[in-house]
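Accompanying notes for the structure given below.
The values are calculated or read from the model by the stated rules, or taken from the named source; none is laboratory data. These numbers come from a predicted model, not from an experiment. Every residue, glycine among them, receives a Cβ derived from its backbone with ideal geometry; neighbour counts consider all protein chains shown.
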Amino acid sequence: MRIDDFHREIKSQVLNLSDRLDLISFMLDIPYSEVTSLSSDTVISSSLLDVVLSKISKKIPVAYITGRREFYGYEFYVDSGVLIPRVETEILISEAIRLIKNQKLLDKALAELKVVDLFTGSGVVGITLLNEIEELKVKVVDISDEALKVVQKNVDKFDVGTRIDIVQLDLSVESNVESILIDNDIILANPPYVSEDYYIEMVESLKYEPKIALVTKDNGLFYYNMLIYFLTQCMDRKILITEIGFNQSDYLRELCYKYGLTHYFLKDYLGINRVLVCSKG
Ligand SMILES: C[S@@+](CC[C@H](N)C(=O)[O-])C[C@H]1O[C@@H](n2cnc3c(N)ncnc32)[C@H](O)[C@@H]1O
């Protein structure tokens, strides 16, 4: 099949142009950057073609077909055991890099800062930090066996094994969250924050991603309530940087006021508050 025919065939199912180009680069086994300079009559003769077309017709996400997703300029391995990294999470990582590079942060040198990436999934947040700041070490935490296997692949891919501590832990257990917060200075988190009701509404578009990565109780607020509560209980100053759902900032602002936390939000490209940064004092 010619690539212009392939484009036409999948256009109505794969709406995102970069996803279509990524599929072509995957099938021709060429770098993404070379796809746009291909002539339109280039033929995809790959034996993968039928398999790929069949997966697309079932609406399997492109990242699960190609086994990769670009995040903050780095190509991460992903499979159906992890959430596909979202562009909103790049706002969290940009702010984390900005704050951590600020030499006066918490009056600690970079090599001494204790940074943890909670709910790490594929490891994108923690590993991107390691890629961007070479003095840093990071602990990454997730409950899922499948996710931790993906993290290990990405650790090997980016050769950061000596600077990362991979921990399997259930973060719905209060004592686990408490001890993680006590032990760390910077807490990064992209927890499950979708309510059961919203998930039911959105299930068609989310059904291939692990439900455990998306949904939590208390109307999607369970992990924020716990993280913010234990942040207030710590003796030392800690900074929590967390992604939030599109409709959760009003509640979280009130919670921060209630506990007297210094806080601010960062907006996504649509102008919606999607990242909360808060700290005691
Ligand atoms: C929204 S995903 C975030 C993945 C990744 N950090 C990202 O930004 O792409 C949430 C992650 O939380 C993990 N998770 C869900 N419940 C958990 C729990 N009780 N304890 C620890 N991790 C949990 C899931 O396995 C999933 O990988």
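Just to verify a result, which residue in segment 107-123, among those that are within 25 Å of Glu174 (Cα to Cα) and more than 16 Å from the ligand (Cβ to nearest atom), is surrounded by the fewest Cβ atoms within 10 Å (Cβ to Cβ)? Full working, then the answer.
The initial filter retains those residues of segment 107-123 that are within 25 Å of Glu174 (Cα to Cα), namely 113-123.
Retained after the next criterion (residues that are more than 16 Å from the ligand (Cβ to nearest atom)): 113-114.
Details: Leu113: 18, Lys114: 16.
Top of the filtered list is Lys114.
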Requested in this report: Could you tell me which numbered condition Leu92 fails, if it satisfies all but one of (1) modelled with pLDDT of 95 or more; (2) more than 9 Å from the ligand (Cβ to nearest atom); (3) of a type outside the set (Phe, Trp, Tyr); (4) in the same structural domain as Pro191 (by TED's automatic domain parsing)?
Outcome: (2)
Query - Which listed residue is surrounded by 13 or more Cβ atoms within 10 Å (Cβ to Cβ), of a type in the set (D, E, K, R) and not assigned by TED's automatic domain parsing to the domain that holds Asp185, from Asp29, Asp41, Asp22, Asp50 - result: Asp22
Query raised in the report: Looking at segment 226-238, is at least one residue in contact (Cβ under 8 Å) with a residue 40 or more places away in the chain, farther than 24 Å from Pro61 by Cα and part of a strand (DSSP E or B)?
Result: no
Query raised in the report: Of all residues in segment 223-281, which are under 15 Å from Ala96 (Cβ atoms) and basic (Lys, Arg)?
Result: Lys238, Arg274
Query raised in the report: Could you say whether any residue in segment 240-249 is modelled with pLDDT of 95 or more, assigned to a helix (DSSP H, G or I) and within 19 Å of Gly126 (Cβ to Cβ)?
Result: no
Query raised in the report: (1) crowded, with 23+ Cβ neighbours inside 10 Å; (2) in the same structural domain as Glu204 (by TED's automatic domain parsing); (3) modelled with pLDDT of 95 or more: which one isn't true of Ile100, the others all being true?
Result: (3)
Report summary line: Within segment 69-78, residues being surrounded by 16 or more Cβ atoms within 10 Å (Cβ to Cβ), in a loop (DSSP other than H, G, I, E, B) and not hydroxyl-bearing (Ser, Thr, Tyr) number 1
Query raised in the report: Which number in (1) closer than 29 Å to Asp107 by Cα; (2) of a type in the set (Asp, Glu); (3) in contact (Cβ under 8 Å) with a residue 12 or more places away in the chain marks the one condition that Glu146 misses?
Result: (1)
Requested in this report: Note down all Cβ pairs under 7 Å where the first residue falls in segment 68-95 and is among the polar types (S, T, N, Q), the second is more than 9 Å from the ligand (Cβ to nearest atom) and part of a helix (DSSP H, G or I), and they're at least six residues apart or on different chains.
Outcome: Ser80/Tyr64
